[in-house]
1. Within the range 231-266, which residues have the backbone N less than 14 Å from the label spot 7 Å out from Lys212 along Cα→beta-carbon, could you tell me?
2. Once you've got the GNM for the chain with C-alpha springs shorter than 10 Å, pick whichever of Ile205, Ile57, Ile145 has the biggest mean-square fluctuation.
3. What's the FRET efficiency of Ser75 with Ala153 using the Cβ-Cβ distance as r and R₀ = 22 Å, to the nearest 0.05?
4. What are the residues whose amide H is under 5 Å from the amide H of Ser275, where those residues sit 5 or more places off or on another chain and H is modelled from the backbone?
5. Below 12 angstrom from the Cβ of Tyr65, what's the summed charge of the other residues (Lys, Arg +1; Asp, Glu -1)?
6. How many angstrom lie between the Cα centre of the range 231-269 and the Cα centre of the range 1-80?
7. Can you pull the one-decimal nm distance between simple spin-label points at His67 and Ala178, each 7 Å off the Cα toward Cβ?
8. What is the distance, in nm, between label points placed 7 Å from the Cα along the Cα-to-Cβ direction at Gln277 and at Arg123?
Amino acid sequence: MDMRQLKYFLKVADVGGISKASIQLNVTQSAVSAQIASLEDELGSTLFLRRSRGVEITDAGRILYRHARTILRQSEIAREEVAHSEGVPSGTVSLGLPSAMAEMVGMAMIRACAERLPLVRLRIVEGVSSLLVDFMSSGRLDISILFVGQAPAGLKAMPVLEEELFYVCSPRSAYATAGKTAITLADAVQTPLVMPEVGNSMRRIVDAACAKAGIGIEPVAELDSLILLKACVAQDVASTFLPWSVVSKEEAAGDVHVMRVKTPAFSRPLSICTSSQGARGIATDVVTVLLRTVIIDLVKGGAWQGVTLSS
């Protein structure tokens, strides 16, 4: 196996087709096909099943995918550290951010990296937590913020904070016009609610709190979209439960009314996660430390409210 074979293999696996891979790699389809065929011959295994609309990776291909990601990443780390052997952090670091905080944390990290780590190229990927876990496990991300207290398999977790959920309603609602700043969970679930789908980290917190209190909850709709959740609130269709970080701009603009929920255990853990397997470059380590510093600064500076820092 050589690096070119692995690079071509990963690209085909990522895009799901030889034609698409050849375009992104800027080589001919025959060149990509030849490298894949050579790799399959060398390993004695079929890596892809050819379909009418592309390719489907096999179980053997999935095993190789995990190793290939690690091999190429370690090669990249070695080149970067040798090229900058004086110890100045450099190279590319991939950071995964949940959509709920991508703008706030992402912008702060971009500024901090530009100021403190000028030779580090930060690549930020926004996505839902389940996607970020998959990307971390496959080696496509070096670091990710995840809503977990304990690390998923193959990852290490550094707990950073607990993020509280709030009841978010229309500024035209009776609670808002009365100037209410807090609400019981029992009262909140009596109002029309839109919620993320079951399995979402926010939904798990709400469902667990309702179950503990013996309260039933029947949302009028399940929406896998923060934009739609906030739109339903702003247009007085329904209320919801969200972290303050998601609705800070809307609250400041007067588009929503935010209330604390008077119930225990109404927060979700947030951790910085890295791989527990394979080598990590100097750049990844320093960006991990910087990310924690940036988050703490956001909280202590008041830019991120409704959270409690981990001890």
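1. Those under the cut-off are 261-266.
2. Answer for the Gaussian network model of the chain: Ile57.
3. In this case the efficiency is close to 0.35.
4. Here Lys156 satisfy the definition.
5. Values: positive: Lys11, Arg62, Arg66, Arg69, Arg140; negative: Asp14, Asp59, Asp134.
In short, +2.
6. Value for the Cα centre distance between the two parts: 45 Å.
7. For the pair His67/Ala178, the computed spacing is 6.5 nm.
8. My value for the distance between the label points is 2.0 nm.
Throughout, read-outs are computed from the coordinates displayed, never taken from laboratory work. Here the structure is a predicted model, which is why all the values come from computation and not from measurement. A quick note on method: Cβ atoms are made from the backbone with ideal geometry, for glycine too, and the neighbour counts reach across all protein chains shown.
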